[in-house]
Amino acid sequence: MTFNKFLEKNIRYIYPFQQLSVEMELYPLQQEVVDLIDQNDTFNIIYKRRQEGISTAISLYVIWKMIENPGISIATFSNRIDSIILKRNFSYNIKILHVEK
């Protein structure tokens, strides 16, 4: 299953105050970063601005990679510990539906 099919089939973004769940779609910049990582999946350094949704896109990509490749090793490095841990916002606003490989 491709990453975009995985998003389409299994991931929903939840708007907590409106009780609304919508399909997760990547913005063009998010898609570009995910495509670059997918083309060179051995080593990537990403220098990014804040509030572009890149961390969310990469987190979803890592989840997809782990599902598709059991036993894969993935490492992340950051100058701040809170950049590595999935943010509270991410865990509350993204719902992963039942996933089958």
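The values are calculated or read from the model by the stated rules, or taken from the named source; none is laboratory data. Worth saying up front: this structure is predicted, and the values here are computed from it rather than measured. All Cβ positions, even for glycine, are placed from backbone atoms using ideal geometry, and neighbour counts span all protein chains on display.
Some observations on this one:
- Looking across region 1-36 at every residue that is within 14 Å of the chain's Cα centre (by Cα) and part of a strand (DSSP E or B), the one that is surrounded by the most Cβ atoms within 10 Å (Cβ to Cβ) is identified as 11.
- Breaking point among (1) in contact with a helix residue (DSSP H, G or I) (Cβ under 6 Å, 6 or more places away or on another chain); (2) at pLDDT 80 or above, for residue 29: (1)
- Number of residues in region 37-64 that are of a type in the set (Lys, Arg) and either outside any loop (DSSP other than H, G, I, E, B) or within 15 Å of residue 76 (Cα to Cα) (or both): the value is 1.
- Which numbered condition residue 70 fails, given (1) within 15 Å of the chain's Cα centre (by Cα); (2) within 16 Å of residue 6 (Cβ to Cβ): (1)
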